[in-house]
1. Give me a count of the residues in region B:1-59 that are within 30 Å of residue A:90 (Cβ to Cβ), within 23 Å of the chain's Cα centre (by Cα) and among the hydroxyl-bearing types (Ser, Thr, Tyr).
2. In region B:1-44, what residues are under 25 Å from residue B:296 (Cα atoms) and among the small types (Gly, Ala, Ser)?
3. Among all residue pairs at least 6 apart or on different chains, which show Cβ distances below 6 Å where the first residue, located in region B:71-94, is under 17 Å from residue B:141 (Cβ atoms) and the second is aromatic (Phe, Trp, Tyr) and in a helix (DSSP H, G or I)?
4. Pick from A:131, A:142, A:104: which is closer than 30 Å to residue A:35 by Cα and at pLDDT below 90?
5. Could you list, in sequence order, all residues of region A:150-175 that are of a type in the set (A, V, I, L, M) and touching a residue at least 40 places away in the same chain (Cβ under 8 Å)?
6. Are any of the residues in region B:46-68 within 29 Å of residue B:246 (Cα to Cα), touching a Cys at 6+ places or on another chain (Cβ under 7 Å) and crowded, with 16+ Cβ neighbours inside 10 Å?
7. Got a sec? Which of A:27, A:46, A:75 is touching a residue at least 24 places away in the same chain (Cβ under 8 Å), at the interface with another protein chain (Cβ under 10 Å from one of its Cβ atoms) and farther than 30 Å from residue B:3 by Cα?
8. Taking the options B:256, B:167, B:183, name whichever one is under 22 Å from the mean Cα position of the chain (by Cα) and surrounded by fewer than 17 Cβ atoms within 10 Å (Cβ to Cβ).
Amino acid sequence: MSLEVKNMSFSYKYNKILKDVSFVAKKGELLALLGPNGAGKTTLLKCISGLLKPFGEVIFDGRLLNKMSFKEISKIVSYFAQSSGNSGLSVFESILLSRKPHIKNSFSAKDYAIVQSIIKMLNIAHLSLKKLDHISGGEAQKVRIAQLLAQESKILLIDEPLNNLDLKNQIEVMRLLKSLIVQKNLIVIVAMHDLNIAFNYADKLLFLRDGYVIDFCSLEQLDNCVIDKTYGVKMDILNQKGKKICIPYF
Amino acid sequence: MIAKTYLKQKRIKLFYLLALVIILFVLIFASVMIGSYNISVYECLKALVFKANSNSELVIWQMRLPQALTASLAGGGLALCGAVLQVVLKNPLASPFTLGISSSSAFGAALAIFFGSAFLKNPYAVSFSAFLSSLIATFIIVFISKLKNASNETLILSGVAIGSLFSALLAILQYFSSDTQISAIIFWMFGDCSRASYHEIFVIFVLYILSFLFFLKNSIDYKLLLFGDDQAKSLGVNVENLRLTSMVIASLLSASIVAFVGIIGFVGLIAPQVAKRIMGLDYFLISSSITGSIFLVGADLLAKNVLQNVVLPVGIVTSFIGAPAFFYLIIRGKK
């Protein structure tokens, strides 16, 4: 099973943001979405999640996602924006509310049990009764992942989850995502900026610039000049203990 | 464990709600008892329960009880609309009057008074015209937001524009009105809970219950809006639709309240803010509504008794209490 994006284009009024984007993401894969600011990363995620209506097709399991209602899509795709509103809700309630696609009128005992098990799994029990605005950035990212899990969708689209996180938290969040992908057989697309983290954790890399796909490849196939083409920065890609690291020329 | 603690915390809030309801009933009882003709507790209970045939019974059933019920329903309804609008427009300053309800209904009432002689045979002419006029205002806003998009900015800005348009129309009418007409218009604009009889109370009650059920059905979606539009959409909420329908229903309810009792400011603005500070976001709609009822019944009680031999229109009192209360909330800051 896979997520297929075919010839996707999108414009805001006369401004073309995405130009003929196509790629395939398979189950159990983490796809890193890379590119400079304004390349169209967020727009691409919004188009896949149905928030924007692009030209082209988004197909999952043979079903056309971009013809579905919000309610239907929300059972298949979760999207997490760069920042979410300052809501005054408690951590527990915000995770519980993410069960929305699966409820009819009110939350059942099953919903509470699922939220509880997610909280346990992510080790955030100590936060659960705090208000969202009273926790740190790293904790907030974990809560956001908990919300994504509570939605129980097969595709997670995450927009820059590592923003404002220190090194330890960055690694923790990526490890967590990685283990969840394996456990639950998810498709995860993460827009991010740190190439080295992408090299370490991603299965596939999608390079975007000015709305065009510059390259879609695995780490092994990565060509040096792709980074230059995408970012306009010369980079050295070194092999270190079987891993790739990139270092810019200064 | 965590779920249990969470549910327990929520259950405690139910006691807060109960306390608010008790305060409301005490205030309603007090406003039935206290007035230029004082009635003792015993006599009051007797009249309410046994309908004993006496002077007090007449005063209570024909004057004070309908007025207290009107205050309670109007306050509750306006506060409910305010709470919903503050959530869907994401603006703590939103109230039923943000969308131009007050000036459009004032214009409608003034129009009926201006062309009075043809209409005045029907006692509901002024109310009906006020209601119709605010309906027009609401649908202009809906039309504009369908044309563009139903974002909160579009709605608020259209509301401001509609408000000033109808204020201008009202000013023109007043300019050409006679002295008696002007005083009738101004008298109508002072909100007053003693105008409604049991028939009107019944109409407001039915509309209140229907709107309340609609809002309650969407209460989870309102909470999801707190995460931001995109997040709410990705959880399956049809945000634009929800925002428009909520706005229309809140406008209908507040327009019908205003049509029967006139313009009562500040309740819809301040009651949700107070409720949020007491209760947080749990049961927000219910707590706002009850707080609004308490506020207006209390203000009505004051309006009747603060000056000897004069009954002030309650609209003046709410603004008098409302403004300093609002300052207090601003200075104390966000909790």
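1. 1
2. Once the filter is applied, which keeps residues that are under 25 Å from residue B:296 (Cα atoms) and among the small types (Gly, Ala, Ser), region B:1-44 yields B:19, B:30, B:31, B:35, B:36, B:40.
3. B:84/B:215
4. The conditions single out A:142.
5. Answer for region A:150-175, where residues must be of a type in the set (A, V, I, L, M) and touching a residue at least 40 places away in the same chain (Cβ under 8 Å): A:150, A:155, A:156, A:157, A:158.
6. Scanning region B:46-68, I find at least one residue that is within 29 Å of residue B:246 (Cα to Cα), touching a Cys at 6+ places or on another chain (Cβ under 7 Å) and crowded, with 16+ Cβ neighbours inside 10 Å, so the answer is yes.
7. It is A:46.
8. B:167
The values are calculated or read from the model by the stated rules, or taken from the named source; none is laboratory data. The structure presented is a predicted model; accordingly, all values stated were derived computationally and were not measured. Note that each Cβ is placed from the backbone with ideal geometry, even for glycine, and that neighbours are counted across all protein chains shown.
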